[in-house]
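Have a look at the structure below before the remarks.
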Amino acid sequence: THTHTHTHSRCLKENVFAGDPLIKATFIFPNGDRYEGECSRSASGALMRNGVGKHTSANGIIYTGEWLEDRMHGQGTLRYPSGALYEGQFKDNTYHGTGTYTFPNGSSYKGQFHMNRLEGDGAFTNTQGLVWMGEFHGKAALGLKLQHDISVKPAL
C-alpha cells in the first residue's frame, strides 16, 4: 500500500502503471476537503477516487462509501452537519436507487430515489412515528396510505 498527501484535486503518483490494483491514498484538496481511501490510475495518468473511501468536505459533509471514476457511485453514506443523513445507493454523485434519507428533525423517507429525487415506492415516517406509504414523485406524493399497526389493541 502507498500513502501520499497531495494538494491537487487528483492524486498523482510515480511508479504506478495501468492495470495496477487499487492504491490506498490520502489527499487534501485546495479547498480543505480531505479524501482517504482507494485510488486507481485514469487513462490520462492521474489517480482518481475508485473503490472504497471517505471524503470529508471542509464544511463538514462526510461521504463514506464506494467511488467510481472520482464520483460517488455504489453503496454509501452521506452525513450533513445539519444532522441529515442519506444511506443507500449512489450513481454519478446523486442519490439513485434504494436508500433512506433522514431529515434533521428525525423524520425519514425510505424507498426509491432517481437523480436525488424521491421517485417510486417509498415510506415516509414523520416525527411522531407514523408511517405513510405509497408512490412518491419528487415533492408530490398523492394517495399515500397511513400504515396501521395491527398489533395495537383498542382500549376497552
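Give segment 39-71 a look and list any residue that's of a type in the set (Ser, Thr, Tyr) and either modelled with pLDDT of 95 or more or assigned to a strand (DSSP E or B) (or both), or say none.
Within segment 39-71, Ser40, Thr56, Ser57, Tyr63, Thr64 qualify.
Every residue, every condition in (1) modelled with pLDDT of 95 or more; (2) assigned by the TED database to the domain that holds His73; (3) open to solvent by 50 Å² or more (accessible area, probe 1.4 Å), yes or no:
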{"position": "Thr98", "(1), (2), (3)": "yes, no, yes"}
{"position": "Tyr101", "(1), (2), (3)": "yes, no, no"}
{"position": "Pro104", "(1), (2), (3)": "yes, no, yes"}
{"position": "Ser108", "(1), (2), (3)": "yes, no, no"}
{"position": "Gln112", "(1), (2), (3)": "yes, no, yes"}
{"position": "Leu118", "(1), (2), (3)": "no, no, no"}
{"position": "Thr125", "(1), (2), (3)": "yes, no, no"}
{"position": "Phe136", "(1), (2), (3)": "no, no, no"}
{"position": "Ala141", "(1), (2), (3)": "no, no, no"}
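Which ones in segment 29-38 are modelled with pLDDT of 95 or more and either within 11 Å of Arg49 (Cβ to Cβ) or open to solvent by less than 80 Å² (accessible area, probe 1.4 Å) (or both)?
Hits for segment 29-38 are Gly32, Asp33, Tyr35, Glu36, Gly37, Glu38.
The values are calculated or read from the model by the stated rules, or taken from the named source; none is laboratory data. Bear in mind the structure is a predicted one, so any value in this text is a computation, not a measurement. Quick reminder, even Gly has a Cβ in these numbers, built from the backbone with ideal geometry, and neighbours come from all protein chains shown. The accessibility values were calculated without ligands, DNA or RNA, using every heavy atom of the protein model including side chains. Shrake-Rupley method; radii C 1.70, N 1.55, O 1.52, S 1.80 Å.
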